[in-house]
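What follows is one structure encoded as structure tokens, with my remarks underneath.
The values are calculated or read from the model by the stated rules, or taken from the named source; none is laboratory data. Keep in mind that this is a model prediction, so the values were computed, not measured. We place every Cβ from the backbone using ideal geometry, glycine too, and count neighbours over all the protein chains shown.
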Amino acid sequence: MEFASSSLSSSSSSFLKSEPHFIHDVFINFGGEDIGRRFVSHLHSVLLQNQVKTFISQENLHEGMKKEEHMRAIRRTKITIIVFSKSYTESACSILELEKIIECHETFGQIVLPVFYEIDPLDVRHQKEDFGKALEETAHRSYLGEQLQHARSRWSSALNRVAGMTGWDVRNFRHDAELVKQIVSRVQMLLDYKELFITQYTVGLESHVEDVIGCIENNSTKLCMIGIWGMGGSGKTTLAKVIYNRIYREFIGKSFIENISEVYDPENERYVDLQENLLSDVLKSKYEVESVRMGRTMIENVFSRKKLLIVLDDVTAFGQLENLCGSREWFGQGTVIIITTRNYELLDRLKVNYVHLIGLMNEKDSLELFRCHAFREGKPRKYFNELARNVADYSRGHPLALNVLGSFLCDRTMKEWKSVLSKLKRTARSMDNHVLDVLKISFEGLRDTEKDIFLDVCCFFIGKERSYVTDILNGCGLDADIGITILIDCGLIKIGKNNTLEMRPLFRDMGREIIQERCSEEPGKMSRLWFQDDVKDVLKKNTGTEAIQGLSLKLHSTSRDFFKANAFKEMKRLRLLQLYHVQLVGDYGCLSKELRWICWKGFSSKYIPNNFHMKNVISIDLRHSHLQLVWKQPLWKKPQVLERLKFLNLSHSRYLIETPDFSVLPSLEQLILKDCPSLLKVHQSIGDLSNILLINLKNCTSLSYLPREIYKLTSLKTLILSGCSKLDPIDITQVKSLVTIIA
């Protein structure tokens, strides 16, 4: 393994200047001038309008391109569209191209999309009717003797192979324009030319970028694994994103899995989730993996011939690497895998090709980065120049500390600057602890409600959708609309793709350290509990107190641990409860009446106990539950009305037979019941949901009827019914408010 660092800076990487492996996005293969003038010309025009670099086979041959160059062009194209028509086999050129296309598909994993234009796919597959006769005539014109027999066999095999691939039959479309639109949409999705968002200021990164890309270029003909190693907040993720944006167009498929340490909890070893994410990213379709072993096999089978770009960000456990890129045999030549981590041992154990150390910034770059954040335009205000230099010095060249301090001091008075400088002078600990002390200054400048929002997010809501978290925290009285915006402006929280809340690992660690510092010896007195050993200890010893506002315990699905409900009795201020596969026995009335968020994956009871107080709950998430009924209410007892409930997620509850009575859920906005295969009945009170925005019944395979009351819904925007194979057709047009229907 070779070790690289920023000191190896080169002037420029030839990788950035050299001719790319892929010159074209799309190659269109077809036969016959008539189809070329009509359909192919139309398709080509629309692809070009959408900035898709397209190569038309016949057109370039007519311009005099040599056959060898032409075949080379096929190899250098990511996606091939083959347009089969009745005249396709009249052209030997088209069929020779087809052979090369199949070869590239099998060798390098290039994508093939067949289109059947006014011809039956079975005629192509079995070379029937005039299509087969034309193939025979073309073979006789081109070859003699043994060569003729070999050619017929090869051509027949190639046609059979492509005709069995997923594509489009023009007979299923009203007109050519509709088909072209769908083809172009699919091509754009497969190409996925979207750059990752990068921080506004990338001071001092270019030399690192050139070093890493130089390493990639030196290994361009084989699998290249590169580790980016450095302390928390040193810019590893930003560096990986810049490199990704520079080179991602060179690859057949790509995936950037960010913030693995937080989103994929190593304690639960949810490697299946990681494998599904990787497969879905690369193949641009949803994949479900039943086991880790199956996931490893799928990765090997699907990726072994493809040239891919994969970035695994913030890796903390070897199992994460072992189950995503555990063998070099899983990947095709030219594949690049970049791993960012704080742990050098993981990279050494994986035997990566290179380790790139990203260290601290020099004095000049430190001051420039600090000024960018503190003064935005980069020029210090009058009298602030020396102060800026002194504050930047105390950040010790740490990029995240410079970012946070600069953002915190932006637009503040000289008195406030001097106060911060005074605090910085009092910190003289080791580098890791010093950085945390610097970051805490921005936390200490927040109001109490903003501090609570920050601590809630760092313990429970990283990776969750912003508006969802906002509703829950607003329900806790925290004014999250404004609070989250302030935290974003301070740089303490960032917004990820799909509008999710993300947080740098160092901020997460800082928040959790702040919680632990207050009562490290007595976990039962901490405001939030998430460390698994602490939670188990508190629940088993019944040492919980009124101080606990949030609790998270994630067990493996095979866990046999159980706890007594009485252990929650003193947690009277508990607002946030997250449990995975936790079995609770006893009186559910002991749980807090202040709960706003219940996320209980694998809830083991057949129904929710009636004494489980949920009056103030905003969100109930019981995915993968064992529920048969949501509530089992005695006839003589008035049901509990959940006035504030907005989100109800019972997806993957395989034993659920019927929905609850919705009349007790007047504020419900989202109802998610996907993958509930035993669901037979949707309560007619669904028509009473005056605030409902989303109903997801995907793959409720036993559901055969929807109550007509659903037509009364005036707020419903999205209705998902795909996979409901027994469901009678309903007149969706009667639901006037619908924007999205997936059936």
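Remark: pairs (first residue in the range 309-329, free of Cβ contacts under 8 Å to residues at least 60 places away in the same chain; second residue part of a helix (DSSP H, G or I) and among the aromatic types (Phe, Trp, Tyr); Cβ separation under 7 Å; 6+ apart in sequence or on different chains) = GLY319/TYR271; ASN323/TYR271.
Per-residue answers, yes or no, for (1) surrounded by fewer than 21 Cβ atoms within 10 Å (Cβ to Cβ); (2) charged (D, E, K, R):
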site: HIS70; (1), (2): yes, no
site: LYS86; (1), (2): yes, yes
site: CYS93; (1), (2): yes, no
site: GLU97; (1), (2): no, yes
site: GLU106; (1), (2): yes, yes
site: ALA134; (1), (2): yes, no
site: TYR143; (1), (2): yes, no
site: HIS150; (1), (2): yes, no
site: TRP155; (1), (2): no, no
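Highlighted here are the helices (runs of 4 or more DSSP H) found entirely within the range 111-209 that include at least 1 residues which are touching a residue at least 60 places away in the same chain (Cβ under 8 Å) and either on the phi < 0 side of the Ramachandran plot or out of contact with any Asp or Glu (no Cβ under 6 Å at 6 or more places or on another chain) (or both): 145-163, 176-191.
Can you find a residue that is aliphatic (A, V, I, L, M) and assigned to a strand (DSSP E or B) anywhere in the range 235-256? No, the range 235-256 has no match at all. Filtered by the rule that a residue be small (Gly, Ala, Ser) and either surrounded by fewer than 20 Cβ atoms within 10 Å (Cβ to Cβ) or touching a helix residue (DSSP H, G or I) at 6+ places or on another chain (Cβ under 6 Å) (or both), the range 301-337 gives SER304, ALA317, GLY319, GLY326, SER327, GLY332. Yes or no: the range 311-325 includes at least one residue that is under 26 Å from the mean Cα position of the chain (by Cα), at positive phi and not hydroxyl-bearing (Ser, Thr, Tyr). Among the residues of the range 311-325, at least one is under 26 Å from the mean Cα position of the chain (by Cα), at positive phi and not hydroxyl-bearing (Ser, Thr, Tyr), which makes the answer yes. Looking across the range 396-427 at every residue that is over 39 Å from the mean Cα position of the chain (by Cα) and assigned to a loop (DSSP other than H, G, I, E, B), the one that is modelled with the highest pLDDT is identified as THR413. When the range 210-229 is limited to residues that are at pLDDT below 90 and not in a helix (DSSP H, G or I), the one that is surrounded by the fewest Cβ atoms within 10 Å (Cβ to Cβ) turns out to be THR221.
Looking at the structure I just gave you, is THR335 in contact with a Ser or Thr (Cβ under 7 Å, 6 or more places away or on another chain), over 20 Å from GLN200 (Cα atoms) and in contact (Cβ under 8 Å) with a residue 24 or more places away in the chain? Spelling it out, it is not the case that THR335 is in contact with a Ser or Thr (Cβ under 7 Å, 6 or more places away or on another chain), over 20 Å from GLN200 (Cα atoms) and in contact (Cβ under 8 Å) with a residue 24 or more places away in the chain.
Whether any residue in the range 607-625 is polar (S, T, N, Q) and touching a residue at least 40 places away in the same chain (Cβ under 8 Å) is what I want to check. Among the residues of the range 607-625, at least one is polar (S, T, N, Q) and touching a residue at least 40 places away in the same chain (Cβ under 8 Å), which makes the answer yes. One residue is enough: does the range 579-595 have a residue meeting the conditions among the hydrophobic types (A, V, I, L, M, F, W, C), in a loop (DSSP other than H, G, I, E, B), touching a strand residue (DSSP E or B) at 6+ places or on another chain (Cβ under 7 Å) and crowded, with 17+ Cβ neighbours inside 10 Å? Yes, there is a match, as at least one residue in the range 579-595 is among the hydrophobic types (A, V, I, L, M, F, W, C), in a loop (DSSP other than H, G, I, E, B), touching a strand residue (DSSP E or B) at 6+ places or on another chain (Cβ under 7 Å) and crowded, with 17+ Cβ neighbours inside 10 Å. Looking only at the range 243-254, residues that are small (Gly, Ala, Ser) and surrounded by fewer than 22 Cβ atoms within 10 Å (Cβ to Cβ) come to 0 in all. Regarding the range 351-369, can at least one residue be identified that is without any contact (Cβ under 8 Å) to a residue 60 or more places away in the chain, touching a Leu at 6+ places or on another chain (Cβ under 9 Å) and farther than 30 Å from GLY406 by Cβ? The answer is no; no qualifying residue exists.
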